[in-house]
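Below is one structure, written out as structure tokens, with a few remarks after it.
The values are calculated or read from the model by the stated rules, or taken from the named source; none is laboratory data. Note that the coordinates shown come from a computational prediction; the quantities given were computed from them, not determined experimentally. A quick note on method: Cβ atoms are made from the backbone with ideal geometry, for glycine too, and the neighbour counts reach across all protein chains shown.
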Amino acid sequence: MNVRPNRGPLPPATREPGGGRAADNQRDQELLTRVAALDREAFKQLYHIYHRRLTRFLMRLTRHHEIAEEIINDTLWIVWRKAPEFRHGSLVSTWIFGIAYRRGLKTLQRQPPPACDIDDESEAVADDDVQPAYERSDWLERALAQLPVNQRAVLELSYYLGHSCEEIAQIMDCPVNTVKTRMHKARLKMKMLLRRLDR
């Protein structure tokens, strides 16, 4: 079900998790309380706050924008229906990203595996050559695509969205040690792939 609210002027850009997290969470909790009372304006504000962050996160899991949008719609529809069940002892962001992660996994299980293979597409680079920044960025994107979904998710949630291991454990519904193990494995694999970039 499409839950995209009617387009209108967007509010000022919201902060990513990091500075002002307590204030951001208080704002989100207040909005979610209003959403639980079926306040559509509050839902619209929450939608605009989280849409960009969810898009970035989900585009790391799938390269297809239409699939990411489908998952976002499913996620925010669940937020609309389940808002009264939110436990205020946790961050709103971890709750919403947890829903998105679980919906994303279910959706991706129905998709064929990515055809991208770095070994097939990469070319050897001479020692004296320096790759342009845009080529390095493209290579890194393709390198990330080679990681298992749960390792990609850990890197995105940690390095790009600023969540702690404890928060990621809540989002992924797994022990903290599992998060740390996935992060360690992801770093090792990325290190191996980055070595190829510097050849």
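For this structure, a couple of remarks:
- If the condition is being over 16 Å from GLY98 (Cβ atoms) and not acidic (Asp, Glu), then segment 136-151 contributes ARG136, SER137, TRP139, LEU140, ARG142, ALA143, LEU144, ALA145, GLN146, LEU147, PRO148, GLN151.
- Considering only residues in segment 160-181 that are more than 20 Å from LYS106 (Cβ to Cβ) and assigned to a loop (DSSP other than H, G, I, E, B), the one that is farthest from the chain's Cα centre (by Cα) turns out to be PRO175.
- Segment 182-199 - residue that is of a type outside the set (D, E, K, R) and farther than 28 Å from TYR50 by Cβ and, of those, nearest to the chain's Cα centre (by Cα): HIS184
- Identity of the residue in segment 140-184, hydroxyl-bearing (Ser, Thr, Tyr) and in contact with a helix residue (DSSP H, G or I) (Cβ under 9 Å, 6 or more places away or on another chain), that ends up modelled with the highest pLDDT: THR178
- Residue within segment 56-63 that is within 22 Å of ASN150 (Cβ to Cβ), hydroxyl-bearing (Ser, Thr, Tyr) and at pLDDT 95 or above present: no
- Inside segment 151-192, residues that are touching a residue at least 12 places away in the same chain (Cβ under 8 Å), in contact with a Ser or Thr (Cβ under 9 Å, 6 or more places away or on another chain) and not charged (D, E, K, R) make up a count of 10.
- Single unsatisfied condition, GLY89 versus (1) in contact (Cβ under 8 Å) with a residue 60 or more places away in the chain; (2) in a loop (DSSP other than H, G, I, E, B): (1)
- Scanning segment 65-86 for residues being without any contact (Cβ under 8 Å) to a residue 24 or more places away in the chain and surrounded by 15 or more Cβ atoms within 10 Å (Cβ to Cβ) gives a total of 2.
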